[in-house]
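**Student:** Handing you this structure, nothing more for now.
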Amino acid sequence: MKFLKEFDFSDKRTLVRVDFNEPIINNRLTSDFKIKATLPTIKYLTGKGAKVILLTHLGRPDGKIVEELRTGIIGQRVSRLLNRPVRKLNDCVGREVEEIIAEMKAGETVILENVQFYPGEKAKDPAYINSLAKLADFFVFDAFGQAHRDYASISGLPRALPGCAGSLCQKEIEALTRVLENPEHPLVIIIGGAKISTKMKVIKRFLATADSVLLGGALANTALKAKGVDTGKSVVEDKMLGEAGEILGNPKLHLPIDWIISDEMILDIGQQTIKEFGGIISSARTIVFNGPMGLFEKEQFSSGSGKIARAVAESDGCSLAGGGDTIALLEGLNLIKEIDHVSTGGGAMLEFLAGKKLPGLEALNSL
Ligand code: ADP
Ligand code: MG
């Protein structure tokens, strides 16, 4: 894989695929963690005289224009954080966009419209890839959080333009590779959140390579049900009961032993579980944390997630966390700085750690 330092960016139209898919509530950004994590790449490029063209998706527009998902709100925040103007364009392809870019001066930055306003993004349509590629001389991939997607602007563009990885992407790969290839033991992985179906692969991999795998959150409900626990009306993925049943006998696997129930639903882990998990975390040398332990958005069910997050933050071992909701949890507790590496990827981080090949990184490797 190639990196920024190997290229001359002076006067080059540089298309930078970033992951600025930040959470928005009532037209306001509730986090800018991923934007901030990408600033070093933008500053490096503008400092070297590149014409920086930022490209991101936002939300799930499903291939059509959705007014609330325009990237203007993102552009404003980038501009404020850079303390320089960032022009927002009203499209991400087409003649008008090409003309504006042709007028750009070295060191300037623009942000294109939401790349997922066109169905060609997810369809990886060659014509769409070409329209995007026409805008630039060079491609920089810094959207680590999207590297597991096989989309036009992720795995398509690197094959249409000369390019390299940005500095966030480089940092993510370095931090995660250390855990994947050479972790200090005991290695403990804490997996929570919504769906066991999306995280089963990584659970299985870590049951083979880690010392302890701690499950919490809604995804633990499926394992508990497979074990014969009455889960009432809890969030459970019934189609995963068979696969969940297969891992129950593994002595490295730790499920909640008590929980908080409301309206017949398990919504948080209980005191005994917090104590048991906390003990395992405090003696770990490497910790991976992805997914909250309960419905943490509601104060009354946030205690388990908060205490586990604090245990991870207080650990002397190397700590790694990731996932949109996990970042929100850590930001809310002001714990981001206490974690050694907070990944901008959720799914991408887990797939990387599961040893899967990520289409975005594979495409960069082929350059
Ligand atoms: P991340 O974004 O960190 O990868 P996920 O997206 O997998 O995490 O899951 C986070 C979501 O799971 C949160 O919205 C949280 O409220 C929800 N959740 C966690 N535990 C429970 C539970 N016991 N019941 C219902 N929802 C839960
Ligand atoms: Mg999430």
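The values are calculated or read from the model by the stated rules, or taken from the named source; none is laboratory data. The structure presented is a predicted model; accordingly, all values stated were derived computationally and were not measured. Quick reminder, even Gly has a Cβ in these numbers, built from the backbone with ideal geometry, and neighbours come from all protein chains shown.
**Student:** Which of the residues belonging to region 1-32 are among the acidic types (Asp, Glu) and surrounded by fewer than 15 Cβ atoms within 10 Å (Cβ to Cβ)?
**Tutor:** Scanning region 1-32 gives Glu6, Asp8.
**Student:** Another question about this same structure. Being within 16 Å of ligand 2 (Cβ to nearest atom) and of a type in the set (D, E, K, R) is the filter here, so list the residues in region 153-199 that pass it. Reasoning before the result, please.
**Tutor:** The initial filter retains those residues of region 153-199 that are within 16 Å of ligand 2 (Cβ to nearest atom), namely 190-199.
Correct list: Lys195, Lys199.
**Student:** Among (1) farther than 23 Å from Glu22 by Cβ; (2) crowded, with 17+ Cβ neighbours inside 10 Å; (3) out of contact with any strand residue (DSSP E or B) (no Cβ under 7 Å at 6 or more places or on another chain); (4) not acidic (Asp, Glu), where does Gln116 come up short?
**Tutor:** Checking Gln116 against (1) farther than 23 Å from Glu22 by Cβ; (2) crowded, with 17+ Cβ neighbours inside 10 Å; (3) out of contact with any strand residue (DSSP E or B) (no Cβ under 7 Å at 6 or more places or on another chain); (4) not acidic (Asp, Glu), the one that fails is (1).
**Student:** Same structure, new question: Residues of region 262-284 being in contact with a Pro (Cβ under 6 Å, 6 or more places away or on another chain) and more than 12 Å from Ala218 (Cβ to Cβ), which ones?
**Tutor:** Result: Thr273, Ala284.
**Student:** Moving on. I'd like the full set of residues that are among the aliphatic types (A, V, I, L, M) and either within 16 Å of ligand 2 (Cβ to nearest atom) or surrounded by 18 or more Cβ atoms within 10 Å (Cβ to Cβ) (or both), limited to region 306-333.
**Tutor:** Matches in region 306-333: Ile308, Ala309, Ala311, Val312, Ala313, Leu320, Ala321, Ile327, Ala328, Leu329, Leu330.
**Student:** Report yes if Ile336 is among the aliphatic types (A, V, I, L, M) and either within 16 Å of ligand 1 (Cβ to nearest atom) or modelled with pLDDT under 95 (or both), otherwise no.
**Tutor:** yes
**Student:** Being among the hydroxyl-bearing types (Ser, Thr, Tyr) and more than 19 Å from the chain's Cα centre (by Cα) is the filter here, so list the residues in region 293-325 that pass it. Reasoning before the result, please.
**Tutor:** Pass one, region 293-325, residues among the hydroxyl-bearing types (Ser, Thr, Tyr): 302-303, 305, 315, 319.
Matches in region 293-325: Ser302, Ser303, Ser315.
**Student:** Something else now. Just checking: which of the strands (runs of 3 or more DSSP E) contained wholly in region 220-298 hold 1 or more residues that are touching a helix residue (DSSP H, G or I) at 6+ places or on another chain (Cβ under 6 Å) and within 16 Å of ligand 2 (Cβ to nearest atom)?
**Tutor:** By residue number, 286-290.
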